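Step one of this worksheet: look at the structure below.
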Amino acid sequence: MVFHDLVDLYAREGFVVGGAVRPFLHPELNPNAGKDLTGMYIYRDGENRAVSGGGISLSEVYLIETLGAARPAQRVFGIGCSFGWSTFALALSNPGAKVVAIDIAHGTSAEGLELTNAIAKRNGLNVKGVLARSPEGVAPTLAAEFDAPLDLVFIDALHTDEAQLADYEAVRPHLAPDAVVLFHDVFLCSMTASFSAIARRAPEHDAYILSRTATGIGVLVPKAAPPALRQAVAAFRDPFAAIPV
């Protein structure tokens, strides 16, 4: 019910959630695929308010819900907030968790941070949007907001190899041994090189790109993860033999 509840959160604020929710689309596989075909967007008065960044797709909301059901997190951190869509997906999928997300508030994201905090307050959710830039703002924010290591991180900021690697390095010292780390848009934004580098720097985790999500989310899952969590991750992966086909 997380997707339904997300739509309802924004509807009560006068927003319409829209987007072309499609199966996995990648420009290298389909030259007619556009990046705007995979995400969700927030509209009000006929205008797309989240022009500086859309939200995660339906399949990715479902991934987060599935992971939360397999192993609920207590301390959740997001790099990238925009209008709060993924931040609230993390919160609703992990009831009782403290969720903090940072954003540089570029373009309409300034309004998005305000909206995120307003929705959280009106709905009694332990969610906070913080104005900060990654990677340099990660450590100060975590020191101010959390008193224990993180067990779930969602990285969705500047979509370059350099930025993805830097964001991971910023959160790595703050991860619990059994933490799960998600990286948005790894396939869609061609960030497989940095994800491979991240995998080499995380020997205590297994690294997968989830080809059954709309943008090819990357995930680090602990090698010692419980079977339910590993099974949840496996459900969003295509077998290697199927990928070339």
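The values are calculated or read from the model by the stated rules, or taken from the named source; none is laboratory data. Since the model is a prediction, treat every value here as computed from it, not as a measurement. Counting neighbours? That spans all protein chains shown, and the Cβs are built from the backbone with ideal geometry, glycine included. Ligands, DNA and RNA are excluded from the accessible area calculation, which covers all protein heavy atoms including side chains. Shrake-Rupley method; radii C 1.70, N 1.55, O 1.52, S 1.80 Å.
Within segment 93-111, track down each residue that is at pLDDT 95 or above and touching a Phe, Trp or Tyr at 6+ places or on another chain (Cβ under 9 Å).
Within segment 93-111, Lys98, Val99, Val100, Ala101, Ile102 qualify.
Go through (1) open to solvent by 50 Å² or more (accessible area, probe 1.4 Å); (2) without any contact (Cβ under 8 Å) to a residue 40 or more places away in the chain one by one and return the number of the condition Ala235 breaks.
Ala235 satisfies every listed condition except (2).
Can you tell me which residue among Ala157, Ala179, Ala144 is among the hydrophobic types (A, V, I, L, M, F, W, C), closer than 18 Å to Thr87 by Cβ and modelled with pLDDT under 95?
Checking each option against the conditions leaves just Ala157.
Anything in segment 187-236 that is assigned to a loop (DSSP other than H, G, I, E, B), modelled with pLDDT of 95 or more and closer than 15 Å to Ile155 by Cα? List them, or say none.
Met191, the sole residue that qualifies.
I'm trying to understand the selection: among the residues of segment 164-217, which are in contact with a Leu (Cβ under 9 Å, 6 or more places away or on another chain), touching a residue at least 40 places away in the same chain (Cβ under 8 Å) and among the polar types (S, T, N, Q)?
If the condition is that a residue be in contact with a Leu (Cβ under 9 Å, 6 or more places away or on another chain), touching a residue at least 40 places away in the same chain (Cβ under 8 Å) and among the polar types (S, T, N, Q), then Thr213, Thr215 are the ones that fit.
Only one of Pro140, Pro227 is under 22 Å from Tyr62 (Cα atoms) and surrounded by fewer than 14 Cβ atoms within 10 Å (Cβ to Cβ); which?
Testing whether each residue is under 22 Å from Tyr62 (Cα atoms) and surrounded by fewer than 14 Cβ atoms within 10 Å (Cβ to Cβ) leaves just Pro227.
Just to be sure before I move on: is Ala148 in contact with a Lys or Arg (Cβ under 7 Å, 6 or more places away or on another chain) and surrounded by fewer than 21 Cβ atoms within 10 Å (Cβ to Cβ) in the structure I sent?
For Ala148, the condition - in contact with a Lys or Arg (Cβ under 7 Å, 6 or more places away or on another chain) and surrounded by fewer than 21 Cβ atoms within 10 Å (Cβ to Cβ) - is met.
Out of segment 119-134, which residues are more than 14 Å from Cys81 (Cα to Cα) and either outside any loop (DSSP other than H, G, I, E, B) or open to solvent by 50 Å² or more (accessible area, probe 1.4 Å) (or both)?
Within segment 119-134, Lys121, Arg122, Asn123, Gly124, Asn126 meet the criteria.
Filter segment 99-118 down to the residues that are without any contact (Cβ under 8 Å) to a residue 60 or more places away in the chain, surrounded by 18 or more Cβ atoms within 10 Å (Cβ to Cβ) and not in a loop (DSSP other than H, G, I, E, B) and list them by number.
Hits for segment 99-118 are Val99, Val100, Ala101, Ile102, Asp103, Ser109, Leu113, Thr116.
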